[in-house]
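The values are calculated or read from the model by the stated rules, or taken from the named source; none is laboratory data. All figures in this text were calculated on a predicted structure; none of them were measured in a lab. Every residue, glycine among them, receives a Cβ derived from its backbone with ideal geometry; neighbour counts consider all protein chains shown. Protein only, heavy atoms only, side chains kept; ligands, DNA and RNA dropped before computing areas. Shrake-Rupley method; radii C 1.70, N 1.55, O 1.52, S 1.80 Å.
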Amino acid sequence: MERVVGVREISAGGVVYWKNGNELKIQMIQDRYGKITLPKGKMEPGETVEQTALREILEETGIVGAITEPLEIITYQFTLTNVGLVDKEVHYFLVEAKSGELQAQVEEIRGVEWLDPMNAWYQQKHFGYGNNDSVMKKALHSLGYEVK
C-alpha cells in the first residue's frame with residue numbers, strides 16, 4: 001500500500017514567564033480565532049527551533065526572552081486547502097521574559113496579557129487548545145506550581 005507523504009511543518013514557541021521577587025506572571029495570547037494559546041510560529045530557513053521560538057515570541061508579543069528549558073514537542077495533523085495533509089511539529093520552551101514592552105502583533109493575534117499562574121491554567125483548560133494542556137502543566141511544574 002502506498003503511503004501518501006504530506007507536507008511537514010515545524011514551528012516553535014514558548015510559555016513565557018516574568019518573575020519579580022515572589023510575583024510570577026505567565027503570558028497568554030488570544031489567537032485570531034479567539035482561543036487562548038501560546039506564542040508560536042513557523043521555522044524559517046537557517047533557524048534553529050530555539051531561534052524560531054524567541055523570534056516568534058518577540059514578533060507576536062513584543063517580549064525579548066531567554067530559554068530556560070525545553071518543555072515538549074507537540075505533533076498533530078491537519079488538512080490545508082490546495083496542500084493536503086500537513087504533519088505539524090511544534091517545539092515548546094519555557095522562556096523567561098528579559099525585556100520589551102507587551103504588545104500584540106495585530107496581524108497575527110487578538111491580544112496578549114500577563115496572568116497569575118493559576119489564572120493562566122484556568123484560561124488554558126477552559127479556553128485553550130487541548131494539546132497545549134501538557135505544555136502548560138510542565139511549565140507550571142518547572143515554576144513550582146502543581147495543577148491537575
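Only one entry in E44, E113, E101, E59 is more than 17 Å from the chain's Cα centre (by Cα), among the charged types (D, E, K, R) and farther than 11 Å from V15 by Cα, namely E101. Looking across the range 73-98, the residues that are of a type in the set (A, V, I, L, M, F, W, C) and surrounded by 15 or more Cβ atoms within 10 Å (Cβ to Cβ) come down to I74, V90, F93, L94, V95, A97.
Each residue in the range 100-129 was checked for being within 24 Å of N22 (Cα to Cα), of a type in the set (D, E, K, R) and in a loop (DSSP other than H, G, I, E, B), and 2 of them qualify. The residue that is modelled with the highest pLDDT, among those in the range 60-85 that are in contact with a Ser or Thr (Cβ under 7 Å, 6 or more places away or on another chain) and not acidic (D, E), is V64. You will find that of I29, I10, the residue that is open to solvent by less than 20 Å² (accessible area, probe 1.4 Å), in a strand (DSSP E or B) and in contact with a helix residue (DSSP H, G or I) (Cβ under 9 Å, 6 or more places away or on another chain) is I29 and no other.
Considering only residues in the range 16-71 that are in contact (Cβ under 8 Å) with a residue 60 or more places away in the chain and basic (K, R), the one that is nearest to E113 (Cα to Cα) turns out to be K25. Residues in the range 130-148 that are touching a Leu at 6+ places or on another chain (Cβ under 9 Å) and outside any helix (DSSP H, G or I): L143, G144, Y145, E146, V147. Residues in the range 99-120 that are closer than 22 Å to E146 by Cα, among the hydrophobic types (A, V, I, L, M, F, W, C) and open to solvent by less than 20 Å² (accessible area, probe 1.4 Å): L115, A120.
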